[in-house]
């Protein structure tokens, strides 16, 4: 907002006259450069002098000389005009090759295992000086970190695993489902595990994001059943090591199973009928929705997801 009502009477032409007189020191030269009459230049100067309560420019043998106040004003007025030109031209396209850029993400291990490697390889191949810092996903979405800009994006699971926020936008990246993984000698012969078989087995529970339970426990509770968890692992890889030489089972996303346990050392079968799948979502604050760097990063992540086996959904903004 303007501090004085008299400033509201100024327009862009007045500011252009100020800059031109400051640079050229001559009213005639200014009128020719701006394609206006000398009387118009004089009128603009009159408005400027009234608005800022200063002569601004004094006549001398060497032309119009700025006062001390005009000297202080000049860089600010010049910046105002530069910003107006930027508004008219629109925001420039983000170019990752121009300077080193760091993005801060909050994401689960699922993203780090499947999507981030493809993303980093693409950046390296293009020789872009882009750094990606990943923070571990907690139970709640770090909405405040998105608001204050300390995080650029949050990658999380859905649907409805986390509390929603009105100022946080969201897009679905891909869909996946859970499968049952065993040490190969202990794998059942069936293509699909029954509900009874699932709860009879002892489980290793991978917690690649901070949570006391997951969708398996919620679904089992709806069936009036529960499972015995013998260990909680901090990563998918650690959980797989824990089931070697045992009859334990670990529930893994199918894409993770294919990436980490598809080498023949493990057996796999479908989860019981009715166990729902899940999706991987991307969230960002509405203030950066049209931000060039953030939009560029979101596009790169979507592109990396399209390379994932099993496909990727078009990312609709929620």
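Here residue 290 meets each of (1) within 30 Å of residue 143 (Cα to Cα); (2) part of a loop (DSSP other than H, G, I, E, B); (3) at pLDDT 90 or above with one exception, condition (3).
Selection of the stretch 160-175 for residues being surrounded by 13 or more Cβ atoms within 10 Å (Cβ to Cβ) and in a loop (DSSP other than H, G, I, E, B) yields 161, 162, 165. Within the stretch 117-131, is there a residue that is farther than 22 Å from residue 300 by Cα and either out of contact with any helix residue (DSSP H, G or I) (no Cβ under 7 Å at 6 or more places or on another chain) or modelled with pLDDT of 90 or more (or both)? The answer is no, given that none of the residues of the stretch 117-131 is farther than 22 Å from residue 300 by Cα and either out of contact with any helix residue (DSSP H, G or I) (no Cβ under 7 Å at 6 or more places or on another chain) or modelled with pLDDT of 90 or more (or both). All conditions in (1) at negative phi; (2) touching a residue at least 12 places away in the same chain (Cβ under 8 Å) hold for residue 56, with the sole exception of (1).
Only one residue in 78, 178 is surrounded by 11 or more Cβ atoms within 10 Å (Cβ to Cβ), over 18 Å from residue 280 (Cβ atoms) and more than 19 Å from the chain's Cα centre (by Cα). Which one? Sole residue among the options that is surrounded by 11 or more Cβ atoms within 10 Å (Cβ to Cβ), over 18 Å from residue 280 (Cβ atoms) and more than 19 Å from the chain's Cα centre (by Cα): 78.
Can you name the residue in the stretch 144-158 that is over 18 Å from residue 207 (Cα atoms) and more than 12 Å from the chain's Cα centre (by Cα) and, of all such residues, is modelled with the lowest pLDDT? For the stretch 144-158, the residue satisfying everything is 148.
The values are calculated or read from the model by the stated rules, or taken from the named source; none is laboratory data. Only a predicted model underlies this, so the values are computations on that prediction, with no experimental measurement involved. Reconstructed Cβ throughout: ideal geometry from the backbone, glycine too, with neighbour counts over all protein chains shown.
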